């Protein structure tokens, strides 16, 4: 399973669901990084240093960071979905068969 860092804006319920599926998910709150307005590049650097893929709803900024450098443990950008269980399932489906997330940008889009 994967080591994941859930960005501050990411729903905790989804992080918990991914943990139940066996992933090692660290939230920004658990890391002591919540409520500090940490720049996205520093959030990514923290995840890289801990060898964790980023999980975020902040698509635009993290896609930009990925385009600048794919030297990271993975970036999973999601469209917000109020059906949090469905969002967790889509994330799991997108990553479960992968050997590694390193250097990948994975887009999780809410169905119409």
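The values are calculated or read from the model by the stated rules, or taken from the named source; none is laboratory data. It should be emphasised that the depicted structure is a prediction, and the values quoted were computed from it without experimental measurement. FYI the Cβ positions are ideal-geometry reconstructions off the backbone, even for glycines, and counts take in every protein chain you see.
Yes/no matrix, rows are residues, columns are (1) modelled with pLDDT of 95 or more; (2) closer than 17 Å to residue 109 by Cβ:
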site	(1), (2)
16	yes, no
20	yes, no
29	no, no
44	yes, no
67	yes, no
80	no, yes
83	yes, yes
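Return the residue satisfying two criteria in turn: it lies in region 1-10 and is surrounded by 16 or more Cβ atoms within 10 Å (Cβ to Cβ) and farther than 16 Å from residue 72 by Cβ, and of such residues it is modelled with the highest pLDDT.
If we filter region 1-10 for residues that are surrounded by 16 or more Cβ atoms within 10 Å (Cβ to Cβ), which is where we start, we get 2-8, 10.
Now drop any that are not farther than 16 Å from residue 72 by Cβ, which leaves 8, 10.
Values: 8: 90, 10: 94.
The extreme case among them is 10.
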Scan of region 47-71 for residues that are out of contact with any strand residue (DSSP E or B) (no Cβ under 7 Å at 6 or more places or on another chain) and under 17 Å from residue 25 (Cα atoms), ordered by number: 48, 49
Going through (1) over 10 Å from the mean Cα position of the chain (by Cα); (2) within 19 Å of residue 96 (Cβ to Cβ) one by one, residue 25 fails only at (1)
Output the number of residues of region 9-29 satisfying the condition of being touching a residue at least 12 places away in the same chain (Cβ under 8 Å) and in contact with a strand residue (DSSP E or B) (Cβ under 8 Å, 6 or more places away or on another chain). 12
All but one of (1) more than 14 Å from the chain's Cα centre (by Cα); (2) within 16 Å of residue 17 (Cα to Cα) hold for residue 70; which doesn't? (2)
Here are some conditions: (1) in contact with a helix residue (DSSP H, G or I) (Cβ under 9 Å, 6 or more places away or on another chain); (2) closer than 12 Å to residue 2 by Cβ. Residue 84 meets all but one. Which one does it not meet? (2)
